[in-house]
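A short worksheet on the structure shown next.
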Amino acid sequence: MSATEPVRFAYWVPDVSGGPVTSTIEQRTDRGDDYNRELAVLAENNGFDHALTQVRSMAGYGAAVKQAGASTADGKGMWQDSGFEGLVQYNDGFRTGLIGTPERIAERIVAYKRLGVDLFLLGFLHHQEEVEYFGRRVPPLVREPEARLPDRETEPAAVPA
């Protein structure tokens, strides 16, 4: 990945979000194809590059997480040690800290890009409102600072806490 290539944003269509969620927060998700298609179009119309859905069972999902984690520097990745609740319910940014104001989220995304991350797979609790809000507010805040990144980092920057 070159620093000149823009970071991409993917939306995790809520297929599983209406299923085994352990949260007590109100769920406004319809698992039907029409609703998921509507959300995919909403995401694409608001700056997302991809819309993804999942049809794996929890056992398959857990195996995929462990397999993906094995390719990371520490051999584990972010979710290797997560239990059922950590993998299924919303957990405030999935440990990446992508929470807060649009400016704060954009700052963290640019910091991750400096480390080599070029795709962000995102999920939201209130899909319609949050997909549109994120898509209109955050990517525009990312584009200017990422365009100023050098083509090659000599020493990766840390992600701000």
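The values are calculated or read from the model by the stated rules, or taken from the named source; none is laboratory data. None of these values were measured; they are calculated from a predicted model. FYI the Cβ positions are ideal-geometry reconstructions off the backbone, even for glycines, and counts take in every protein chain you see.
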Exercise. Have a look at F84, F94 and point out the one that is crowded, with 16+ Cβ neighbours inside 10 Å and either of a type in the set (G, A, S) or modelled with pLDDT under 85 (or both).
Key: F94
Quiz item: Right, P160: out of contact with any strand residue (DSSP E or B) (no Cβ under 7 Å at 6 or more places or on another chain), modelled with pLDDT of 95 or more and on the phi < 0 side of the Ramachandran plot or not?
Solution: no
Quiz item: Within region 111-128, can you find the residues that are buried (at least 17 other Cβ atoms within 10 Å of the Cβ) and either modelled with pLDDT of 95 or more or assigned to a loop (DSSP other than H, G, I, E, B) (or both)?
Solution: G123, F124, L125
